[in-house]
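Enquirer: Quick one: the structure is below, and I'll ask about it shortly.
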Amino acid sequence: MTHTPGSVRADQAARIAATPWYRQLYVQVLVAIVIGIVLGWRWPDLATDMEPIGTTFITAMKMLIGPIVFLTIIGGIAGVADLKKVGRTGIKALTYFQAGTIVALVTGLVAINVFRLGDGVHADPASLKTSGDASQYISQGEHQHWWEFLTNIVPNSFFGPFVDGNILQVIFLAVVFGVAVKTVGKTGEPIIAAVGRLTEVVFKVLSFVMKAAPLGAFGAMSYAIGKFGLSTLTSLGSLIVLFYATSALFVVLVLGGVLALYVRLNIFQLFRYFKEEFWLILGTSTAEPALPGLMRKLQFMGAERSTVGLVVPTGYSFNLDGAAIYLSLATLYIAQATDTSLSLGQQLGLLAVMLLTSKGAAGVAGGGFIALTATLSTVGSVPAAGIMLIFGIDKFMSECRALVNFFGNAVATLFVAKWENGLDLERARAVLAGGAGVPTPTSQHEPEIGSEGPAVVPAAARSAEAAT
């Protein structure tokens, strides 16, 4: 389906411009984050009591991720004329994911080798005591094998992945189910129609939940500052600054370079386009609540529905650029801090292991630490107990990981869509430049070339926009 910039009506632009600033979702979330920081700083005891507000919102969002991914993938596969294209798109996406992960890992390794922040710490691994959540993550990571993410893709039951929130298994079910529905021909047409209607209902539910996004951001940020305190930022502030600076350079130079040189789009315009999702991730410290918005907006930009439906959910499990930078940086920091000498060959060996372990804990609570421990346990030369050195500041690094993961998947989807000739580049440029408006809940069909109707998105996406 194609779009044209000229399909945007002046009345739509007027409606967008007339929306009061205080009703914009990103403004509300930003204000909530600021209030949460102040509350956590001045009244930490009260702020920690706000935790249920944040966790309830995130739980409500996660409740919808499984159905959205499942229905979107099925709808995307059903809309493809040739099933070979689904397999081709998947292979191209996985190829890009692995290349991106390698670059992200190398970026982290180079940064920590240049600045060597762990030198001089001289931590004794025997004196590092593990407790609480950290102890649980270490135990889980030590018993996790690099190949488990492959064998665990197949679920024990059909509904199990939705109950457990295992996105990899949901993707597996959706692809199998979508291909089956497509291959049975006319018998599957009523099912495809039902999927479309269910998708619209689920996105309508999402629009209800998204109205609570400012409360969720407030609760999560209040708890984080109240629980860990701003003083935590100063104890290992240099490591936090290095991680944020390295991630920013990766996004601007690497992702921005890929977007500019191949897709011919501007990364800074992409930042502006996804500002609502940016603040939502910053407030909740997870990229999952932004997944529906990412899919909706990429499709509105002109990326094919089938490509978006397949690449984005898969990328949330396999394309974790932020987690890759964190993993390599944290591993080398622990090695330096515990006076563990690693040669270049050993570091390259670590990189090979991290290519696999970084995929193993996607979507799991404490996934970063589980992957980190699995890496250290597999290599054996760096003490796993060393994660206690950075456990206290992990919360303040999770926002950056989630943001890099998010923009990494946005760029990956646009890259694969361009590679598959499934991106309306003229439409994308108009949207990013602000000349094609934003997705609205008022239109019902995507315009064909030369149409004079208002700019639109699929019916399912229309409902989600009600929240923004």
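The values are calculated or read from the model by the stated rules, or taken from the named source; none is laboratory data. Since the structure is predicted, the reported quantities are computational estimates derived from the model, not experimental observations. Note that we place each Cβ from the backbone using ideal geometry, even for glycine, and neighbour counts take in every protein chain shown. Only protein heavy atoms, including side chains, enter the accessible area calculation; ligands, DNA and RNA are left aside. Shrake-Rupley method; radii C 1.70, N 1.55, O 1.52, S 1.80 Å.
Enquirer: For the stretch 261-282, state whether one or more residues are modelled with pLDDT under 85, assigned to a helix (DSSP H, G or I) and not aliphatic (A, V, I, L, M).
Expert: Initial filter on the stretch 261-282 (modelled with pLDDT under 85): 282.
From the residues that got through so far, the ones that are assigned to a helix (DSSP H, G or I) too are 282.
Those left that are additionally not aliphatic (A, V, I, L, M): none.
There is no residue in the stretch 261-282 that is modelled with pLDDT under 85, assigned to a helix (DSSP H, G or I) and not aliphatic (A, V, I, L, M).
Enquirer: Another one. Quick one: count up the residues across the stretch 271-290 that are surrounded by fewer than 22 Cβ atoms within 10 Å (Cβ to Cβ) and of a type in the set (A, V, I, L, M).
Expert: Number of matching residues: 1.
Enquirer: Just name the residue that is modelled with the highest pLDDT out of those in the stretch 145-157 that are outside any helix (DSSP H, G or I) and surrounded by 17 or more Cβ atoms within 10 Å (Cβ to Cβ).
Expert: PRO155
Enquirer: Next question. Just the residues that are in contact (Cβ under 8 Å) with a residue 60 or more places away in the chain, open to solvent by less than 10 Å² (accessible area, probe 1.4 Å) and β-branched (Val, Ile, Thr), please, taken from the stretch 296-337.
Expert: THR307, VAL308, VAL311, VAL312, ILE325, ILE334, listed by residue number.
Enquirer: Moving on. Out of (1) open to solvent by 70 Å² or more (accessible area, probe 1.4 Å); (2) under 23 Å from GLY87 (Cβ atoms); (3) touching a residue at least 40 places away in the same chain (Cβ under 8 Å), what's the single condition that is false for LYS182?
Expert: That leaves (1) as the condition not met.
Enquirer: While we're looking at this one, here's another question. For the stretch 295-312, what are the residues that are in contact with a Phe, Trp or Tyr (Cβ under 9 Å, 6 or more places away or on another chain) and closer than 25 Å to MET354 by Cβ?
Expert: Once the filter is applied, which keeps residues that are in contact with a Phe, Trp or Tyr (Cβ under 9 Å, 6 or more places away or on another chain) and closer than 25 Å to MET354 by Cβ, the stretch 295-312 yields only VAL311.
Enquirer: So which residues in the stretch 158-180 are over 23 Å from the mean Cα position of the chain (by Cα) and in a helix (DSSP H, G or I), if there are any at all?
Expert: Within the stretch 158-180, VAL176, PHE177, GLY178, VAL179, ALA180 qualify.
Enquirer: In contact (Cβ under 8 Å) with a residue 40 or more places away in the chain, more than 14 Å from LEU414 (Cα to Cα) and open to solvent by 10 Å² or more (accessible area, probe 1.4 Å), is that true of LEU351?
Expert: yes
Enquirer: Kindly indicate whether any position in the stretch 20-33 is open to solvent by 70 Å² or more (accessible area, probe 1.4 Å) and at pLDDT below 70.
Expert: yes
Enquirer: Checking the conditions here, which among LEU39, LEU64, LEU46 is open to solvent by less than 60 Å² (accessible area, probe 1.4 Å), modelled with pLDDT of 85 or more and over 22 Å from TRP419 (Cα atoms)?
Expert: Exactly one of LEU39, LEU64, LEU46 is open to solvent by less than 60 Å² (accessible area, probe 1.4 Å), modelled with pLDDT of 85 or more and over 22 Å from TRP419 (Cα atoms), namely LEU39.
Enquirer: Same structure, new question: Can you tell me which of (1) over 23 Å from LEU298 (Cβ atoms); (2) modelled with pLDDT under 90; (3) open to solvent by less than 70 Å² (accessible area, probe 1.4 Å) is the one PHE203 doesn't meet?
Expert: The failed condition is (1).
Enquirer: Spot the failing condition for GLY219; the list is (1) under 26 Å from THR314 (Cβ atoms); (2) assigned to a helix (DSSP H, G or I); (3) at pLDDT below 90, and only one is missed.
Expert: Of the numbered conditions (1) under 26 Å from THR314 (Cβ atoms); (2) assigned to a helix (DSSP H, G or I); (3) at pLDDT below 90, the odd one out for GLY219 is (1).
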